[in-house]
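Here the structure comes first, spelled out in structure tokens, and everything after it is commentary.
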Amino acid sequence: MRKRIIFGFFFVLAAVSVFSQTSVVNIYQDANQNGELDNRLFNIPKEPVGISNWNGSGVPDSFEKLKLTVDNMTHIIRVNLFLM
């Protein structure tokens with residue numbers, strides 16, 4: 001079953017060093033505003049979550065497939081939130 005996109009968020013990342021940085025962007029929406037990500041059985045999130053380079057189907061891939069490389073330029077990154 002394909003998950004539906006709840007929101008699409010855009011992030012502007014500006015690297016402050018001259019070296020490339022590799023990372024994964026992970027966000028969630030705190031729908032009930034309790035300050036934490038609520039989970040179901042087996043730690044499946046109850047609230048919308050998003051990870052860079054993840055299409056929302058299945059378990060997120062490895063770091064190598066999800067990573068972003070940010071150099072000394074400014075980047076705009078779109079991360080979609082999915083309700084699991």
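Restricting attention to segment 50-71, the residues being farther than 16 Å from GLN21 by Cβ and of a type outside the set (Ser, Thr, Tyr) number 10.
Put simply, of GLY35, GLY8, GLY58 the only residue that is surrounded by 10 or more Cβ atoms within 10 Å (Cβ to Cβ) and either at pLDDT 80 or above or assigned to a strand (DSSP E or B) (or both) is GLY8.
Taking segment 61-84 as the range and being polar (S, T, N, Q), surrounded by 11 or more Cβ atoms within 10 Å (Cβ to Cβ) and not in a loop (DSSP other than H, G, I, E, B) as the test, only ASN80 passes.
The values are calculated or read from the model by the stated rules, or taken from the named source; none is laboratory data. The structure presented is a predicted model; accordingly, all values stated were derived computationally and were not measured. Methodologically, a virtual Cβ is constructed for each residue, glycine included, from the backbone with ideal geometry; neighbour enumeration extends over all protein chains shown.
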